[in-house]
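Below: the structure, in structure tokens.
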Amino acid sequence: MGRKTWLSIAAAFLVGAGSAATAYGLAGASSGVTVASQPPADQVPRTRQALVAQWEKELAKADLKLPEGWEKMSTDQIRAQYIIQRRHNAGPLPTGPDYDPGFHNNPYG
């Protein structure tokens, strides 16, 4: 490849990197809200005993108890059930004006 081709590739890379950095800066700086589909990893217990204890607490919030045969479940299955119950206890997602309070006060939109 010739020098012109390499310069074109380098220029395209720099333009793309600059655009990506700008987009990331605008998107990251404009909102302080983080939406997660599941609890952060540091909040999910790692040991089987801790998972069972937290799962029991979440079930108790819904007036439920551990299902029969839970002892035979794998740690991954218990973790999944704990996260599912935690999401269920959180209730439905907000809609309408509660979904994004202050949206109408946004000076950019």
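Nothing in this text is a laboratory measurement; each read-out follows from the coordinates by a stated rule. Because the structure is a prediction, the values reported are computed rather than measured. Virtual Cβ from ideal backbone geometry, glycine too; neighbours counted across all protein chains shown.
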| request: With a point put 7 Å past each Cα toward its Cβ, work out how far TYR99 is from THR75 in nm, to one decimal. | output: 3.9
| task | Sort 92-98, 80-86, 48-54 for me by packing, meaning the mean count of neighbouring Cβ atoms within 10 Å per residue, highest on top. | result | 80-86, 48-54, 92-98
